[in-house]
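Take a look at the structure set out below.
Only the coordinates and a few stated rules stand behind these numbers; no lab work does. All figures in this text were calculated on a predicted structure; none of them were measured in a lab. Here the Cβ positions follow ideal geometry from the backbone for every residue, glycine too, while neighbour counts run over all protein chains shown.
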Amino acid sequence: MQLTFHELNDKINIGNVDDGGMKMSEFKELYLSEYMPKSELVVEEHEVLLPKFPVIDVHTHFGSVLLGPDYEKFFDTEEVVKKFKSFGVKNIVNLDGKWGDELIRSLNKIHPHEDFIITFGSIDVTKLDDSDFESYVRKTLHESKERGIRGLKFLKDVSLVHKDKSGKYIAVDDPRLQVIWATAAELGLPVLIHIADPVAFFRPVDRFNERYEELSAHPNWSYHKPGMYTFEELLDMQENLLESNPDTTFIIAHCGSYPENLGYVARSLDRYPNMYVDIGARIAELGRQPYSARKFFIKYQDRILFATDVSPLNPCYPIYYRFLETWDEYFDYSDEPIPPQGRWKIYGIGLEDEVLEKVYYKNAEKVMRITEE
């Protein structure tokens with residue numbers, strides 16, 4: 001006779017507990033969303049409110065990407081600058097500059113704090129099929145640089161949202177986009193590009209998916225759909241992009257698209273000297289593999305840029321400082337009752353000062369050529 005899981009445990013309990021023990025049948029059934037265990041582990045804890053060195057955050061959104069089209073009304077620039085500086089931040093990079101009138105609007109919003117907020121621009125890739133696309137790109141990028149941008153940013157929209165006139169998703173390594181990367185190299189503009197989302201977003205949303213709760217709350221984040229590029233196809237495009245444009249400096253967002261596999265990211269960094277990575281919104285992944293992450297940070301200390309992926313409304317710097325600077329064990333990476341990216345804790349990687357200084361600001365200064373001024 002086969003027993004259900006609960007029946008089997010009832011039998012085990014009957015033979016192994018005192019008369020006062022509870023049987024499995026007496027336990028309340030819980031939905032996964034109701035289960036919020038509190039750790040009984042007692043370990044050292046260190047709150048790190050300020051970093052050991054000044055910080056340049058190369059991945060923030062002070063425009064429409066996170067705040068919507070009316071982003072100006074959501075924050076007072078002067079107050080936000082004071083708040084960010086109180087966390088030891090010396091510069092942030094606003095990736096929402098865009099192009100043309102939108103760039104002017106973005107620059108007007110941050111004025112007169114251009115010394116603190118560095119702006120990256122972009123290109124409207126939906127014009128890809130226009131006959132004058134190449135001249136549009138060159139003209140726009142030259143004008144944008146004259147207005148003060150220090151780099152370019154491209155969202156995952158390029159491969160996962162926007163389509164060309166034939167109805168095909170625009171691949172990041174599409175030859176028609178080559179003019180963008182070539183012009184960026186000519187103008188000395190680094191390109192920060194978001195290519196792939198977490199691997200789980202490309203897998204079936206089932207009981208084996210480690211981010212099931214997150215995808216259930218945000219079903220539109222799932223790319224496991226017919227007609228979409230697979231995660232593996234996106235990585236192939238990423239490598240083609242890096243290999244085909246050796247003179248262009250690329251910052252591959254979110255730890256090189258694949259923090260779940262630091263061995264892959266390491267091999268890419270070894271192969272492509274024009275590749276850098278930022279760590280924005282990925283300490284949940286990095287912090288659950290502290291041995292691998294620490295080795296990765298030490299070996300590639302010259303290629304990793306500090307980043308958070310925050311908006312003006314939600315700076316979250318202390319948790320990043322704690323991860324990078326302490327040896328703390330098994331701590332929350334989020335204040336939310338159910339961790340948004342997965343039900344696990346993270347560990348600090350206790351980086352040495354020489355490594356911290358590079359990650360916090362020196363690498364960003366090098367990539368954006370700040371020290372040349």
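Below are the figures for this structure:
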{"read-out": "Assigned charges on the beta-carbon of Lys, Arg, Asp, Glu; the chain dipole about Cα centre (debye)", "value": "560"}
{"read-out": "Computed [θ] at 222 nm, deg cm²/dmol, the chain (DSSP H ≥ 4; -39,500 (n - 2.57); rounded to nearest 500)", "value": "-9500 deg cm²/dmol"}
{"read-out": "Between helix 231-244 and the chain: long-axis angle, C-alpha atoms, 0 to 90°, nearest 10", "value": "30"}
{"read-out": "Separation of alpha-carbon centers, the stretch 39-86 and the stretch 280-346, rounded to whole Å", "value": "14"}
{"read-out": "Those aspartates and glutamates that a straight Cα-Cα span of less than 19 Å connects to K38, excepting residues fewer than 8 apart in one chain", "value": "E29, E213, D328, E329, D332, D335, E336"}
{"read-out": "FRET efficiency, E233 to E134 (Cβ-Cβ, R0 25 Å, nearest 0.05)", "value": "0.45"}
{"read-out": "Linear extension gain, K23 paired with D206, 0.36 nm per residue minus alpha-carbon span", "value": "62.9 nm"}
{"read-out": "Listed values [x] 145; [y] 174; [z] 153, entry calculated as volume of the Cα convex hull per residue in Å³", "value": "[y]"}
{"read-out": "Descending Cα extents along the principal axes, the stretch 146-268, whole Å", "value": "49, 37, 27"}
{"read-out": "Per-residue Cβ neighbour rank within 10 angstrom, fewest leading, I338, I319", "value": "I338, I319"}
{"read-out": "Debye, to nearest 20: dipole size of the stretch 63-186, +1 on Lys, Arg Cβ, -1 on Asp, Glu Cβ", "value": "340"}
{"read-out": "Centre separation in Å (Cα based) which lies between the stretch 135-167 and the stretch 200-240", "value": "25"}
{"read-out": "Exposure proxy order (Cβ contacts within 10 Å, fewest to most) of Y136, Y330, Y272", "value": "Y330, Y136, Y272"}
{"read-out": "Dipole moment magnitude, nearest 20 debye, the stretch 247-359 about Cα centre, only Lys, Arg, Asp, Glu C-beta charged", "value": "420"}
{"read-out": "Proxy reagent accessibility, fewest Cβ within 10 Å first, across C316, C255", "value": "C316, C255"}
{"read-out": "Karplus 3J(HN,Hα) series, Hz, for the stretch 113-128 with 6.51 cos²θ - 1.76 cosθ + 1.60 (x for Gly, Pro)", "value": "10, 5, 6, 9, 9, 8, 10, 9, x, 7, 9, 7, 6, 5, 7, 3"}
{"read-out": "Dipole-positive endmost among P51, G342, L177 within the chain (Cβ charges, Cα centre)", "value": "L177"}
